[in-house]
Amino acid sequence: MRYFDYEKAGREAGIPAEKVDRLAELCRREEPHDAMLAELHAMRTCMAIKNGRITIEEAPAEALNLAA
């Protein structure tokens, strides 16, 4: 079951799909027992990048390699 369309938010933020997938995987590892919360974290990260509150470099770049 899907709760949030974080892929769309990632596209709108200009984040490549493979990096959005890595972000989602990281969130699932951080919240293995709560799929909704994991997707919410992915969605909020994408939205924060889209809205200019953080940059791709400020996202969890060490895990996602977003800065590269």
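The values are calculated or read from the model by the stated rules, or taken from the named source; none is laboratory data. Note that the structure is a prediction, hence the values are computed from the model and not measured. Neighbour counts run over all protein chains shown; Cβ positions are idealised from the backbone, glycine included.
Residue pairs whose Cβ atoms lie under 8 Å apart, sitting 6 or more positions apart in sequence or on different chains, and linking a residue in the stretch 11-37 that is acidic (Asp, Glu) to a partner that is part of a helix (DSSP H, G or I) and at pLDDT 90 or above, are Glu12/Cys46; Glu12/Lys50; Glu30/Ala38; Glu30/His41; Glu31/Leu37; Glu31/Ala38; Glu31/His41.
Condition check ((1) at pLDDT below 90; (2) in contact with a His (Cβ under 6 Å, 6 or more places away or on another chain); (3) part of a helix (DSSP H, G or I)) across all residues:
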site: Ala42; (1), (2), (3): no, no, yes
site: Thr45; (1), (2), (3): no, no, yes
site: Ala48; (1), (2), (3): no, no, yes
site: Ala63; (1), (2), (3): yes, no, yes
site: Ala67; (1), (2), (3): yes, no, no
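Within the stretch 9-29, the set of residues being over 12 Å from Ile49 (Cα atoms) and assigned to a helix (DSSP H, G or I) comprises Ala17, Glu18, Lys19, Asp21, Arg22, Leu23, Ala24, Glu25, Leu26, Cys27, Arg28, Arg29. Summed over the stretch 29-48, residues that are touching a helix residue (DSSP H, G or I) at 6+ places or on another chain (Cβ under 9 Å) and closer than 15 Å to Asp5 by Cα total 13. For the stretch 30-40, the set of residues classified as in a helix (DSSP H, G or I) and not charged (D, E, K, R) consists of Ala35, Met36, Leu37, Ala38, Leu40, listed by residue number.
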